[in-house]
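S.K.: Can you keep this structure in mind? I'll have questions shortly.
The values are calculated or read from the model by the stated rules, or taken from the named source; none is laboratory data. Just so we're clear, the structure is a prediction, and the values are computed from it rather than from any experiment. Neighbour counts are summed over all protein chains in view; Cβ atoms, including those assigned to glycine, are modelled from backbone coordinates with ideal geometry.
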Amino acid sequence: MRRVADPVSEWQFQAVQEMVVVARNAKAEMGLQSKRPSAQVASDDLRILDLLRAHQEIIVRLAGVKALNLSRGRLAAELTGVRAGTLFDLRLIYEEQVDPQVERARLQKEKEKTEQALAQATKQLDNKDFLARAPQEVVRGVERRHAELTEHLRKIVESLEKLKT
């Protein structure tokens, strides 16, 4: 098993990396690869906001966005184009409207992928042999992942409902 020399730095790196990946994926899904939209990011976790603020310049450059607007809380689910990371919500802001049918299809695909991952985590947590034999840190990791996936799925379903109206 790999030991992390500096778990805080690794966590920070993973959070910044997730921000860049979510923004790039959102740009690709919206067909904005050659554009530089602004990104609105919201999180309930002040540590995440402070981290993103500290690395804002590099995130803007790597994600290919014009600006990064950070706020505390959650982004309203009725807003189109909201992407939910495990630690934050992200919305790309660009003048052109997002096609609701395309967004609905994207959300449906993301919902199916999240449901599969959630089913796998649930299966692990329901397996008595896994719970008995796996190290506690591994079990806690699966429990955390299950909770994150559950919240992510809730946000996706909420976004799909808002698109129906």
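S.K.: What number of residues within the range 88-112 are part of a helix (DSSP H, G or I) and surrounded by 14 or more Cβ atoms within 10 Å (Cβ to Cβ)? Even if it seems obvious, please write down each step before you answer.
M.R.: From the range 88-112, those part of a helix (DSSP H, G or I) are 100-112; that's our starting set.
Keeping just the survivors that are surrounded by 14 or more Cβ atoms within 10 Å (Cβ to Cβ) gives 103-104, 106-107, 110-111.
Count: 6.
S.K.: Regarding Val157, is this residue under 19 Å from the mean Cα position of the chain (by Cα), of a type outside the set (Gly, Ala, Ser) and under 29 Å from Thr80 (Cα atoms)?
M.R.: Working: under 19 Å from the mean Cα position of the chain (by Cα): yes; of a type outside the set (Gly, Ala, Ser): yes; under 29 Å from Thr80 (Cα atoms): yes.
Taking the combined requirement at face value, the residue satisfies it.
S.K.: Within the range 118-155, count every residue that is under 30 Å from Lys35 (Cβ atoms) and surrounded by 14 or more Cβ atoms within 10 Å (Cβ to Cβ).
M.R.: Number satisfying all stated conditions: 4.
S.K.: Can I ask one more? Please verify whether the range 2-11 includes one or more residues that are polar (S, T, N, Q), modelled with pLDDT of 90 or more and not in a loop (DSSP other than H, G, I, E, B). Show your work before the answer.
M.R.: Of all residues in the range 2-11, those polar (S, T, N, Q) come to 9.
Restricting the remaining residues to those that are modelled with pLDDT of 90 or more gives none.
Scanning the range 2-11, I find no residue that is polar (S, T, N, Q), modelled with pLDDT of 90 or more and not in a loop (DSSP other than H, G, I, E, B), so the answer is no.
S.K.: From Arg140, Arg74, grab the single residue that is out of contact with any Ser or Thr (no Cβ under 7 Å at 6 or more places or on another chain), among the basic types (Lys, Arg) and assigned to a loop (DSSP other than H, G, I, E, B).
M.R.: Working: Arg140 fails: assigned to a loop (DSSP other than H, G, I, E, B).
Being out of contact with any Ser or Thr (no Cβ under 7 Å at 6 or more places or on another chain), among the basic types (Lys, Arg) and assigned to a loop (DSSP other than H, G, I, E, B) holds for just one of Arg140, Arg74, which is Arg74.
S.K.: Any residue at all in the range 67-87 that's crowded, with 19+ Cβ neighbours inside 10 Å and at positive phi?
M.R.: Yes, that holds for at least one residue.
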